[in-house]
Each structure stands twice: as C-alpha cells, then as structure tokens.
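Let me begin by presenting the structure, written as structure tokens, before commenting on it.
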Amino acid sequence: MANIKSAKKRILVNRTKADRNKAIKSGVKTAMKKVFSAVEAGDKAVAQAELAAATKTIEMAGSKGVYHKNNVARKVARISKAVNEMA
C-alpha cells in the first residue's frame, strides 16, 4: 500500500475509473449481443431497433474514452453489416 497521500488518492481514483469503464464495456457487449440475437432470430424490425440502440451505446463509450475511435467504428460496422445482410 502506498504511503504518500497523492498516491493513495490515485489508487482510489483509478479504481473508480476502472469500475466505470467496466460498466460501460459491459453495456456495450450486452447491446451487441441483443443485435446478434435478433439477427439470428430473423426479426429484422427488432434487429434494426436494437442496432440503433447499440450504435448509440457504442458511440457514447467512444466519446467517453473507453474505446478508441477505430474500435468504435469497427464494432458499429460489424453490427450494421449483420443487420443489413438479413434477408
């Protein structure tokens, strides 16, 4: 354990930020799973609704600095492609 006051504070702040980032990443994963499950079920209307929600969630995570912008673009492209390729 750190002895210096500023180091103790850094530990607490880093823990708080890590928890926040973990929650945001978990939300992104859940949103993506909802899109893919709707695609597998073959329900295009639900898939498009979930796509809109997931895109917003992913882009919010990118704007908060949780994901790099290229990672955000890749994730959005993958789910968009999955929905657009539905019959």
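The values are calculated or read from the model by the stated rules, or taken from the named source; none is laboratory data. Being a predicted model, the structure only gives us computed values, none of them experimental. All Cβ positions, glycine included, derive from the backbone under ideal geometry; neighbour counts span all protein chains shown. Ligands, DNA and RNA are stripped out before the accessible areas are found, and what is left, the full protein with its side chains, is counted by its heavy atoms. Shrake-Rupley method; radii C 1.70, N 1.55, O 1.52, S 1.80 Å.
For the chain, a simple Cβ point-charge model (Lys and Arg +1, Asp and Glu -1, everything else neutral) yields a dipole of about 820 debye relative to the Cα centre. Ranked by the mean number of other Cβ atoms within 10 Å of their residues, highest first, the peptides 2-14, 28-40 fall in the order 28-40, 2-14. Expressed as a fraction of 2.2 N^0.38 Å, the C-alpha radius of gyration for the chain is 1.44.
When the chain is described by a simple charge dipole with +1 on each Lys and Arg Cβ and -1 on each Asp and Glu Cβ, the residue from Ile24, Met86, Ile4 located farthest towards its positive end is Ile4. Amide H contacts of Met86 (H built 1.01 Å from N, in plane; Pro and chain starts excluded): no residue 5 or more places away or on another chain comes under 5 Å.
When you restrict to C-alpha pairs under 8 Å that are six or more residues apart and normalise by the size of the chain, the relative contact order lands at 29 percent. The residues of the chain have, on average, 71 Å² of accessible surface per residue, using a 1.4 Å probe with all protein chains present.
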